[in-house]
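Only one structure is covered here, and it is reproduced in the block below.
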């Protein structure tokens, strides 16, 4: 029996470029060309200066858990439960929501250091996930 895959996000003119960069193993952050403010999720207009001119920067992937929730229900095919969803303060100064992997739900903490990994599902779809940064002994 074939395993179900994740539900795919909608991709349109405002965010399709973002998913293409992720498919190329990049975590992009949209940046206003006028005022240089970073924003996520991608959108056509800067909420600071109203410019519609933008480019993006490549995120380093490091950050800290600002908030989180643990999803247990409803359960959909293609996902492993429980799912930890985190709101991450990226080092670049903006936030992103994604799944936290390789972590027990009881071990998640506010301020916990995390880093990104581009995960490829069995059907070839790529998406960013975060995992805990384990401190080296003696630090």
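Nothing in this text is a laboratory measurement; each read-out follows from the coordinates by a stated rule. As the structure is a prediction and not an experimental result, all values here were calculated from the model. Counting neighbours? That spans all protein chains shown, and the Cβs are built from the backbone with ideal geometry, glycine included.
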- Query: Beyond 17 Å, what percent of the Cα pairs of segment 1-117 remain?
  - Reply: 63
- How many angstrom separate the Cα center of segment 19-49 from the Cα center of segment 57-118? 19
- In what order do 83, 134 fall by count of nearby beta-carbon atoms within 10 Å, going from fewest to most? 134, 83
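At 1.306 mPa s and 10 °C, plugging the Kirkwood radius over alpha-carbon pairs of segment 13-78 into Stokes-Einstein gives what diffusion coefficient in µm²/s?
Working: Rh = 13.9 Å.
For these conditions, the coefficient is 114 µm²/s.
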- Message: Explain nothing, just the number: relative contact order of segment 16-132, from Cα pairs under 8 Å at least 6 residues apart, as a whole percent.
- Response: 23
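Figure the gain on full extension for residue 104 and residue 8 (residue separation times 0.36 nm, minus the Cα-Cα span) and round it to one decimal in nm.
Values: separation 96, 0.36 × 96 = 34.56 nm, distance 2.50 nm.
Additional length available on full extension: 32.1 nm.
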